[in-house]
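**Student:** Quick one: the structure is below, questions incoming.
Where a number appears in this text, it was derived from the coordinates with a stated rule and is not lab data. Bear in mind that the values here come from a model prediction, so they are computed numbers and not experimental data. Cβ atoms come from the backbone with ideal geometry, glycine included; neighbour counts cover every protein chain shown.
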Protein chains: 2
Amino acid sequence: MARATRRRERARGAEADGGGDLARKLIDAATTLIAERGPQAFSLREVARRARVSEAAPYWHFASKEALLAAVAEQGFTELAATMADVRRRVRDPRRQIQQLGVAYVGFALARPSHLRIMFGPEIADKTSHPTLRAAGARAFGLLIAAITEAQRAGYARRGNAWNLAVFAWSLVHGLSALLVDGQLRDRVRNRRDAAALASRVTKLLETGLAPR
Amino acid sequence: MARATRRRERARGAEADGGGDLARKLIDAATTLIAERGPQAFSLREVARRARVSEAAPYWHFASKEALLAAVAEQGFTELAATMADVRRRVRDPRRQIQQLGVAYVGFALARPSHLRIMFGPEIADKTSHPTLRAAGARAFGLLIAAITEAQRAGYARRGNAWNLAVFAWSLVHGLSALLVDGQLRDRVRNRRDAAALASRVTKLLETGLAPR
DNA sequence: ACCTGAACACCGTTCAAGT
DNA sequence: ACCTGAACACCGTTCAAGT
């Protein structure tokens, strides 16, 4: 059906030859457009226009609109993982580390709401068919698992299946992010300070939920 | 811009005159279409086709595609609230009640994933402009607040701001629902039994998070 | 190998016109 | 009051054709 996705790999290599590398340019334009107009208004044709190429050009580099979005989502997970790794380096107390990972997650969501939606939403229907995207997501999740395992060893988290505890923590911060981003809490939290305060309180309860009984 | 949304109110009244009441028919067709094809593929023109009217006809009853989706979302919240009210009637132990509310929430999400997305997602950009939708959402959230207040009185939940605790609980079950629906946990949870078991375990941790320390 | 131009089958929305 | 037909400005995707 398509003759695309051949040189996808090379495209991710940051060769600074000013000009070529349309794939990279398309990913950047898409990221900007999503941030500006939201995941709904996003269109492949507009991305092509911004990259100053014909509307058919993207199809040489990406099999479909979804494939381009998958590349955008993948970059999002990579950035999220980087922020999380940074938190893990900076805060060393295992209890506070988990809380701060949660705060960082919510912070990412509030800073890039549309990006988050692409990373998780139905725009990318079948995540299985984008293995590098899956891998990037797994890397971020892996950092959470590691933090929890450490907290268990330090005696701050209950023993038992670390994956279950990680899903608990992830669900909590992901849910809070979603509710905030979707405007579901708008009557009580109006600005970023409110949101940050709420994130801090909710992640405190996370600590309790994880604690040994 | 539009001459719509005049007889919206009457449209919700279930008068069983077989034939008229296009608004009702459009809402039902939209709900079915969303369930069948997902929130992405949904189109107003297809809804019109299924209701056997012209593509312009919906605009007499709904100001826009978004307004029709808002009606669909509102119905979703109403159904969710009904299920929650049912749980509150059936299980009377305050601790188990909160857990079961969570399980019911996740159950709703798994049974109607696309409906949930419309209820929370960006398809309805400005929820403030659909007051009846907001009200329906608030009703469901109110049931959770009530359950938590009761648990506090019974000494099963820590004292303090019930709204904060409710946001904690809601975030958790909403986040778990989202992760499940978006396929983010697909490598570990493959069928509904897995999902139900996970929901049960995660909501047990919810109990701990809410418990007095 | 990489891109353009033109085309196809769709959209959401509007507006005159019908009854 | 309620709906149709035709139109406008958009989409995603394909495919021949250019270099």
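**Student:** Is there a simple number for the mean count of other chain Cβ atoms within 10 Å of the Cβ of residues in B:160-168, and what is it?
**Tutor:** 4
**Student:** Now for a different question. Which aspartates and glutamates does residue B:65 reach when only Cα atoms under 17 Å apart count, and residues fewer than 8 places away in its own chain are ignored?
**Tutor:** Excluding near neighbours in sequence, the set is B:28, B:46, B:55, B:74, B:123, B:126.
**Student:** I need the fraction of alpha carbon pairs in chain A separated by more than 32 Å, rounded to a whole percent.
**Tutor:** Working: 5988 of 22578 pairs.
Value for chain A (Cα pairs over 32 Å): 27 percent.
**Student:** Between residue B:139 and residue A:55, what is the label-to-label distance in nm when each label sits 7 Å out along the Cα-to-Cβ direction?
**Tutor:** Going from the residue B:139 label point to the residue A:55 one covers 4.4 nm.
**Student:** Using the 7 Å Cα-to-Cβ label point, sort the distances from residue A:50 to its equivalents in the other copies shortest first and give them in nm to one decimal.
**Tutor:** Relative to the other copies, residue A:50 has label-point distances of 3.3 nm.
**Student:** For chain A, what's the relative contact order in percent, using C-alpha pairs closer than 8 Å and at least 6 residues apart?
**Tutor:** RCO, chain A: 22 percent.
**Student:** If you put a point 7 Å past Cα along the Cβ direction, how far is that point for residue B:38 from the same point in each other copy, in nm, smallest first?
**Tutor:** The projected label point of residue B:38 is separated from its counterparts by 2.0 nm.
**Student:** For B:193, A:88, what's the fewest-to-most ordering of other Cβ within 10 Å of each Cβ? Show your work: numbers first, answer last.
**Tutor:** Numbers: B:193 9, A:88 19.
Lowest to highest Cβ neighbour count: B:193, A:88.
**Student:** Still on this model: For chain B, with a Gaussian network of springs between Cα atoms less than 10 Å apart, report the residue from B:58, B:39, B:131 with the top mean-square fluctuation.
**Tutor:** So, out of B:58, B:39, B:131, the one fluctuating most is B:131.
**Student:** Enumerate the lysines that residue B:204 could reach by cross-link, defined here as Cα to Cα under 28 Å, with residues fewer than 8 away along the same chain left out.
**Tutor:** Those lysines meeting the cut-off are A:204.
**Student:** Can you show me the helix-derived [θ] at 222 nm for chain B, built from DSSP H runs with n ≥ 4 at -39,500 (n - 2.57) apiece and divided by the number of residues, rounded to the nearest 500.
**Tutor:** For chain B, the value works out to -23000 deg cm²/dmol.
**Student:** Would you mind getting me the FRET efficiency between residue B:128 and residue B:154? Use the beta-carbon distance for r and R0 = 41 Å, nearest 0.05. Don't jump to the answer; show the numbers that get you there.
**Tutor:** Details: r = 36 Å, r/R0 = 0.87.
In this case the efficiency is close to 0.70.
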